[in-house]
């Protein structure tokens, strides 16, 4: 039977939800994101032991450190190709990134073939059911563009920043966040709270600046 639990994230991140069965974690995703469609949302909340382990891992991670342990997880629907892509993601060190094209090139070399589709790699990265622990947020576009993250672009930006990345190296196309209702609404909510608390300090232009910074980090 599948159960779920919620993890309260620090400010700047959407809260996380997790699924588990028995002693294994089967899903981890940002609440309200596109990734929710991959998981069992309508189920009983129960604090399984593996959820405690996952929360311990997340506590270390959100403190800005690389955890030295991993909760037990099980991935359903895993194909050989998806496993290869997941293994590539797990090999990306804390605080570093790679591109879909680089993963495709590495897998092609291992298989002894001339070329592999970066788009196919992107599909496998996006399929990943356990975010952060399997660090799909560390895979970016070939032009350092932060696109295609099912957990929401603002969360991807915040995760990379948390890990100490130089965010000036990355770009976020406007369409990537302006069409993401979760990102925009979260940013607006944060900015509106600040303006309500101190209306003298925050003009309309300053509120817009806070929204822009929340979404793209600039």
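Quick note: the coordinates plus some simple rules give every number you see, no bench work behind them. The structure displayed is predicted, hence computed values, not measured ones. Quick reminder, even Gly has a Cβ in these numbers, built from the backbone with ideal geometry, and neighbours come from all protein chains shown.
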*residue 90/residue 45 FRET efficiency (R0 30 Å; Cβ-Cβ; nearest 0.05)*: 0.55
*For the range 90-108 and the range 117-151, what is the separation of their C-alpha centers, rounded to whole Å?*
10 Å
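Taking every pair of alpha-carbon atoms in the range 21-165, give the share separated by more than 28 Å as a whole percent.
Working: 1813 of 10440 pairs.
Every Cα pair in the range 21-165 considered, those over 28 Å come to 17 percent.
List the relative contact order of the range 28-123 as a percent without decimals, with contacts defined as Cα pairs under 8 Å and 6+ residues apart. Intermediate results must be reported in sequence, preceding the final value.
Details: 41 pairs, mean separation 14.4, N = 96.
Rounded, it is 15 percent for the range 28-123.
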